Amino acid sequence: MKKTVVFILLILITLSFSNFIPPVDDSYITSSFAEFRSTGNLPHFHGGIDFSTFSKEGIPIKAIYEGYVVRVELNDPIYGNVIVLQHPNGYRSLYAHLSSFNYTIENIIKSLQEEFQNQKIVINFPDNEIKFSQGDIIAYSGKTGEAVKPHCHLEIRNSDETLMFDPIDFLNVPAPNGEIILKELIINGKSYNYIEGETYSFKGDYPKIEINSYLFVNNNLLGLKEIKLYIANKLVYDILLDEVSKDEFYKPYIVYSKDSIAAGYIYKTYYKLYPEMLGGPIKVNNFPTLNTNTDFFQVRIEAYDPWKRVKEFTFNLKRER
C-alpha cells in the first residue's frame, strides 16, 4: 500500500513539472544551465537558462506556474532586478534582469526605488500575500545586472534555495535544430583542432584532456548537459550538469578549465575531463593510471546537449616515452 501511495505521488509531481510553461511567449533559449560565467565579482555557474526577448525591454514575463511572491530584489550586481515565486509543488522560480514588475508590485516598491536608487534592495513578502496564476504577467524584460542585452533569465530552485536545477528538465521546451560540435582539444596543455580518428600524443601516467564543445544553434553556442569520457571502452569520467548547489555556485573550476572565458559576447569554455577538483557535477571518477605496458589507447567522448541528444567523438592517444 505504501509503495502505491509513493508511486502515485511521484506521478503527480512529474505531471506538475510537465505543466510548467515558458516565461516568454514564442521564444527560444539563448543560454543553457550551468554554463561558465566570468562576469560579476567571481567566476560562477550560470544558475538557470535564458529566454530571448528579441533584444527588447518591456516584453511580458509570465509565471511558469501558480504561486505567490517570496521576494523582490533590486540592483543585484549579477541578477539585476529579480522576482521569486514559491510554487505549491515545493519549488521556487526566479526571474532576473527585469526592467519593471507587475503593477501591484511596482506600486509597492516605487518609493523604495526612489529612496535607495542604485543600492541593492531585498524586499521579502509574507506567504500568500501576492498570488499569481500560471501565465499571469509578473514582470517585464530588461537588461539589469550583468545582462548585455534584454532577456529573461529563469531559475528553478528548491524551497530553501540551496539547489538550482536545470529548468529544461521542468519545462516543455522543444529541442531546436542544432549540431553538437567538438572544436578543440587540449591535451596536457597543448591545443589541437579536433579531427575524427586522429592520433594525439601525451606524456605521463594519464592525459589531461580538455574540450571546447557546445551545441551550435541559431548562430549561438549553448553549453552541454553531460559529457562521458571512455578510454579503452571503459567509462572513466562523467560530468552531469543537471543541478548546482549553492555551495558550488562560485566553484565553476570543478568542471571548467581556467582558460575558459564567458563575458559579454565572448564564450569560449573548456570542460576538464580529468580529476582535479571533485564535486556534485562529477558523477564518475574512475580515471586510471593507464597501463604502462601500453602506448596506444582508443578514446570516445559522448557529448549530450541540454535536451539529452548525444553525439560521439572518437580519437586515439599515443604515449610518448
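Annotations for the structure displayed:
- Whichever residue in the range 77-107 is open to solvent by 10 Å² or more (accessible area, probe 1.4 Å) and among the small types (Gly, Ala, Ser) and, among such residues, is nearest to GLU66 (Cα to Cα): GLY90
- Within the range 45-65, being in a loop (DSSP other than H, G, I, E, B) and under 17 Å from TYR103 (Cβ atoms) holds for GLU57, GLY58, ILE59, ALA63.
- Residue under evaluation ARG71, criteria (1) assigned to a strand (DSSP E or B); (2) at pLDDT 95 or above; (3) buried (at least 17 other Cβ atoms within 10 Å of the Cβ), criterion not met: (3)
For every residue, the table says whether it meets (1) of a type in the set (Ser, Thr, Tyr); (2) in contact with a strand residue (DSSP E or B) (Cβ under 8 Å, 6 or more places away or on another chain); (3) farther than 30 Å from SER38 by Cβ.
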residue: ARG92; (1), (2), (3): no, yes, no
residue: GLU106; (1), (2), (3): no, yes, yes
residue: VAL148; (1), (2), (3): no, no, no
residue: HIS153; (1), (2), (3): no, yes, no
residue: PHE165; (1), (2), (3): no, yes, no
residue: VAL173; (1), (2), (3): no, yes, no
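- Residue check: ARG37 meets all listed conditions (1) modelled with pLDDT of 95 or more; (2) crowded, with 21+ Cβ neighbours inside 10 Å; (3) farther than 21 Å from ILE130 by Cα but one, namely (1).
So that you can scan it fast, the table gives a plain yes or no per residue for (1) at pLDDT 90 or above; (2) over 13 Å from PRO207 (Cβ atoms); (3) out of contact with any Phe, Trp or Tyr (no Cβ under 7 Å at 6 or more places or on another chain):
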{"residue": "ILE266", "(1), (2), (3)": "no, yes, yes"}
{"residue": "THR269", "(1), (2), (3)": "yes, yes, no"}
{"residue": "LEU273", "(1), (2), (3)": "yes, no, no"}
{"residue": "LYS283", "(1), (2), (3)": "yes, yes, yes"}
{"residue": "ASP295", "(1), (2), (3)": "yes, no, yes"}
{"residue": "ILE301", "(1), (2), (3)": "yes, no, no"}
{"residue": "LYS308", "(1), (2), (3)": "yes, yes, yes"}
{"residue": "LYS311", "(1), (2), (3)": "yes, yes, yes"}
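- Test result for TYR230, touching an Asp or Glu at 6+ places or on another chain (Cβ under 9 Å), assigned to a helix (DSSP H, G or I), surrounded by fewer than 21 Cβ atoms within 10 Å (Cβ to Cβ) and in contact (Cβ under 8 Å) with a residue 12 or more places away in the chain: no
- Flag if TYR206 is more than 28 Å from ILE78 (Cβ to Cβ), of a type in the set (Ser, Thr, Tyr) and open to solvent by 20 Å² or more (accessible area, probe 1.4 Å): yes
- Checked against (1) open to solvent by less than 70 Å² (accessible area, probe 1.4 Å); (2) under 20 Å from the mean Cα position of the chain (by Cα); (3) in contact (Cβ under 8 Å) with a residue 40 or more places away in the chain, ASN218 passes all but a single condition, namely (1).
- For GLU114, the conditions (1) surrounded by fewer than 20 Cβ atoms within 10 Å (Cβ to Cβ); (2) at pLDDT 95 or above are fulfilled apart from (2).
- Considering SER201, SER191, SER213, the condition of being part of a strand (DSSP E or B) and under 19 Å from the mean Cα position of the chain (by Cα) is satisfied by SER213 alone.
- For the range 267-320, a residue qualifies if it is of a type in the set (Lys, Arg) and in contact (Cβ under 8 Å) with a residue 60 or more places away in the chain, and the qualifying residues are LYS272, ARG300, LYS308, ARG309, LYS311, LYS318, ARG319.
- Condition check for ILE168: closer than 21 Å to SER27 by Cβ, touching a Pro at 6+ places or on another chain (Cβ under 6 Å), in a helix (DSSP H, G or I) and of a type outside the set (S, T, N, Q): yes
The values are calculated or read from the model by the stated rules, or taken from the named source; none is laboratory data. Treat the numbers as computed from the prediction; the structure is a model and nothing was measured. Backbone-built Cβ (ideal geometry, glycine too); neighbour counts: all protein chains shown. With ligands, DNA and RNA removed, areas are computed over all heavy atoms of the protein, side chains included. Shrake-Rupley method; radii C 1.70, N 1.55, O 1.52, S 1.80 Å.
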